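Asker: Here's a structure for you.
The values are calculated or read from the model by the stated rules, or taken from the named source; none is laboratory data. All values derive from a computational prediction rather than experimental measurement. Don't worry about glycine lacking a Cβ; one is built from the backbone with ideal geometry, like all the others, and counts go over all protein chains shown. Keep in mind that these areas ignore ligands, DNA and RNA; they rest on the heavy atoms of the full protein, side chains included. Shrake-Rupley method; radii C 1.70, N 1.55, O 1.52, S 1.80 Å.
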Amino acid sequence: MENKSNKDNETEGGRITSEMLKLRTGEFDLESIIFLKLRGLGLYELGCLGACLNLERLDLSNNNITHLGPLSSLKMLVALNLSCNRISSLEPLASCENLQTLNVAGNSLCGVESLYCLKGLHKLESIRLRDPVYNLSNPLCANGAYRHSVLETIPSVRVIDGERVSGCGSDLYHLCKDIDNSLKRFISNGTVEGSGSSKPWVEEGYWDLKPTQSTIIEETYKQFNDVLQECKELSKKADDTIAQAERALNIRHEPNSYVF
């Protein structure tokens, strides 16, 4: 276990040094470091971190970092956690060509244009800009349509804020997006009345079974309702499981785990 004096030395000045990295990892050569967790150390400057050329997973969350310059040399980086810092520009990450997972929730990214530098990262599949569990966000998330803008900006992304928006399991996201677009068209055409007078999407009784319908259609409706009910039950079970997992994680926090 590290003693207090070592702890003080490695975080002195809030700057990453080679001594600090060697002390925390036990490696004598910075290029030998593959996994690195520097969470909650009050860091301001990344210092010599760019010398860790073979680094694949890096956790810099809960610090005071503003500039990411040294990260531009980390070509092998696969997963990066920068949550809860003071970052307003991601430009240095443009050269992290192997990056697949990026967490920047709880920073100062003000607009989707701050993500343009990530367009060339064709392996980037997951990005987190907002984390409601820990009440972390970015100014750009104030726009309700930011996820759609992110997906247009970085086409390779499959998961935004932990929610799959492309590929298998993304149907709900696209359904909601289509509904939003339809509502916007109605509003722009002036077909939606003012507040307090909104009408249902379909006429009353639209979903009711008609006496003249065939038994095939009746059976189809029945199956549809059965599947819908099953989905609701699965959703409830999933919510319960997630809640239990979150409580367990809060109770049994493992300081040596890599959380991305």
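Let's see how each residue does on (1) in contact with a helix residue (DSSP H, G or I) (Cβ under 6 Å, 6 or more places away or on another chain); (2) among the small types (Gly, Ala, Ser); (3) farther than 18 Å from Ser108 by Cα:
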{"site": "Phe35", "(1), (2), (3)": "no, no, yes"}
{"site": "Leu43", "(1), (2), (3)": "yes, no, no"}
{"site": "Leu49", "(1), (2), (3)": "yes, no, yes"}
{"site": "Cys52", "(1), (2), (3)": "yes, no, yes"}
{"site": "Leu55", "(1), (2), (3)": "no, no, yes"}
{"site": "His67", "(1), (2), (3)": "no, no, no"}
{"site": "Pro70", "(1), (2), (3)": "yes, no, yes"}
{"site": "Val78", "(1), (2), (3)": "no, no, yes"}
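Asker: To continue, here is another question. Of all residues in segment 134-173, which are open to solvent by 60 Å² or more (accessible area, probe 1.4 Å), part of a helix (DSSP H, G or I) and at pLDDT below 85?
Answerer: Asp171, Leu172
Asker: Let me ask another. Please go through segment 23-49 and pick out each residue that is in contact with a strand residue (DSSP E or B) (Cβ under 9 Å, 6 or more places away or on another chain) and open to solvent by 50 Å² or more (accessible area, probe 1.4 Å).
Answerer: Result: Arg24, Ile34, Phe35, Arg39, Tyr44, Glu45.
Asker: Additional query: Within the bounds of segment 105-127, is there any residue that is at positive phi and surrounded by 18 or more Cβ atoms within 10 Å (Cβ to Cβ)?
Answerer: Here is the first cut: in segment 105-127, the ones at positive phi are 106.
Filter again for surrounded by 18 or more Cβ atoms within 10 Å (Cβ to Cβ), leaving 106.
Checking segment 105-127: at least one residue is at positive phi and surrounded by 18 or more Cβ atoms within 10 Å (Cβ to Cβ).
Asker: Does Cys84 qualify as being on the phi > 0 side of the Ramachandran plot, open to solvent by less than 70 Å² (accessible area, probe 1.4 Å) and at pLDDT 95 or above?
Answerer: So Cys84 fits the description; yes.
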